[in-house]
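The values are calculated or read from the model by the stated rules, or taken from the named source; none is laboratory data. Owing to the predicted nature of the structure, the values given are computational and were not obtained by experimental measurement. Here Cβ is always computed from backbone atoms with ideal geometry, including for glycine, and neighbour counts include all displayed protein chains.
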């Protein structure tokens, strides 16, 4: 089953994020708190992890839009771990922007 992740601001905003996620996914989700670093600065960060069928993608995207709006952010990132080659999507105030897929690092080759 896919794992969707919404990357957003955390800290004092985490309770707002949890409230929005609970409205859309009352059966459960996980929030990881940490620090985000961007252009030489850092800020509280949160990742909302939601394990749902692929059919929940629209609901996840709507949740991300609400979080972005409530937190007055310029964008939040949504990823879907079910597809290793799928890009993430940035939800901004005016558009949805496709993010490039993450680079997969390969382990050592078995030579022998």
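At-a-glance table
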| item | result |
| --- | --- |
| Residues that are touching a residue at least 40 places away in the same chain (Cβ under 8 Å) and exposed (fewer than 11 other Cβ atoms within 10 Å of the Cβ), drawn from region 28-62 | 53 |
| Condition broken by residue 98, with the remaining ones in (1) touching a strand residue (DSSP E or B) at 6+ places or on another chain (Cβ under 8 Å); (2) modelled with pLDDT of 90 or more; (3) surrounded by fewer than 12 Cβ atoms within 10 Å (Cβ to Cβ) satisfied | (2) |
| So residue 43, is it over 12 Å from the mean Cα position of the chain (by Cα) and modelled with pLDDT under 95 | yes |
| Output for region 2-40, where each listed residue is modelled with pLDDT of 90 or more and in a strand (DSSP E or B) | 4, 5, 6, 7, 8, 30, 31, 32, 33, 34, 35 |
| Scope region 1-27; condition in contact with a strand residue (DSSP E or B) (Cβ under 6 Å, 6 or more places away or on another chain), without any contact (Cβ under 8 Å) to a residue 60 or more places away in the chain and surrounded by 16 or more Cβ atoms within 10 Å (Cβ to Cβ); matching residues | 10, 14, 17, 21, 25 |
